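Enquirer: Sharing a structure here in C-alpha cells format.
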Amino acid sequence: MKGRWAAGIAPRNFAWVIRDHLAVSERPGGYARNHRRVRRQEEIIWLREQGFTLVVSLLGSPHNLHAYDEMDVPWAHFPFGPTAEPRLVLPDLYVHLSGWLANGERMLLHQEELGDRVMGVIAGYLRWSGKLPSGPQCIAAVERFVRRQMGPLGRQIVALSPELDDAVEDGGGAGDAAGGADDVR
C-alpha cells in the first residue's frame, strides 16, 4: 500500500486550459524565495502520476530541467523571460503545442508564476489556433480557467497572436537562433 503522499501534490495554481490535454501552473516547487526542492519533487511526482507526458517550461533560464530529467519526465524549454520578444518565441511554441495536442500529449505549461505572461501566451494560443474566434473570448476563457483577471501585458500578447501566422509562414520562430525551442527532451 502506498503512502498518502505517494501520488504527490498538484502544482500551485494548477488549471486545465484544454481538459486532459493542456494545463498551466506556476513553476513546480514554487518560485524565487518560495521555491522548495521537496515541494518541486512532490509536484513532479504528481504530474507523472497524473499521466502528464510533457512539461513545457517558459522560464528564461534552465531551472527545473535537471529535476525533470532526474524523475524521467519529458520536457521542452522555450525561454520566454521578461525581456524576450514574443514574435521570436511564440510562433515556434504555438506550432509545437498544436503538434503535441494533435498527437494526444498531456502537457503542463509553466513559467515562474501563473501571471499575465502565461495567461497571455495561453489565450494567444487559443486565438492563434482558432480554438476560439476572438481575443476577448480567449481572454475571458483564460480568466475563467485560472480565476484571475488578465492585465495589460497578457492582453498585448493576445492582440499580437493573429500576426504570428505571418512569422510562421516567413520562417520565423522555428530554428531561429534568437527564439524558439531551446531544447526538447
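Enquirer: For a quick check of your reading of the model, give me the residue pairs whose first member lies in the range 134-160 and is under 22 Å from Arg19 (Cβ atoms), whose second is acidic (Asp, Glu) and surrounded by 18 or more Cβ atoms within 10 Å (Cβ to Cβ), with beta-carbon atoms closer than 8 Å and at least 6 apart or on different chains.
Expert: Met150/Asp116; Gly154/Asp116
Enquirer: Can you find a residue in the range 34-55 that is assigned to a loop (DSSP other than H, G, I, E, B), over 14 Å from the mean Cα position of the chain (by Cα), more than 25 Å from Gly135 (Cα to Cα) and hydrophobic (A, V, I, L, M, F, W, C)?
Expert: There is no residue in the range 34-55 that is assigned to a loop (DSSP other than H, G, I, E, B), over 14 Å from the mean Cα position of the chain (by Cα), more than 25 Å from Gly135 (Cα to Cα) and hydrophobic (A, V, I, L, M, F, W, C).
Enquirer: Let me ask something else. Have a look at Ala67, Ala76, Ala10 and point out the one that is small (Gly, Ala, Ser), part of a helix (DSSP H, G or I) and farther than 18 Å from Gly120 by Cβ.
Expert: Ala67
Enquirer: For the range 69-94, give me the residue count where each residue is free of Cβ contacts under 8 Å to residues at least 40 places away in the same chain and either buried (at least 17 other Cβ atoms within 10 Å of the Cβ) or of a type in the set (Ser, Thr, Tyr) (or both).
Expert: 2
Enquirer: Right, next: Could you please find all residues in the range 113-137 being in contact with a Gly (Cβ under 9 Å, 6 or more places away or on another chain), assigned to a helix (DSSP H, G or I) and more than 15 Å from Ser98 (Cβ to Cβ)?
Expert: Selection gives Asp116, Arg117, Val118, Met119, Gly120, Ala123, Gly135.
Enquirer: Looking at the range 35-58 only, could you name the residues that are modelled with pLDDT under 95 and closer than 24 Å to Ala84 by Cα?
Expert: Listed by number, the list holds a single entry, His35.
The values are calculated or read from the model by the stated rules, or taken from the named source; none is laboratory data. Predicted, not measured: the structure shown is a model, and the values here were computed from it. With ideal geometry, Cβ positions are generated from the backbone for all residues, glycine too; neighbour counts draw on all protein chains shown.
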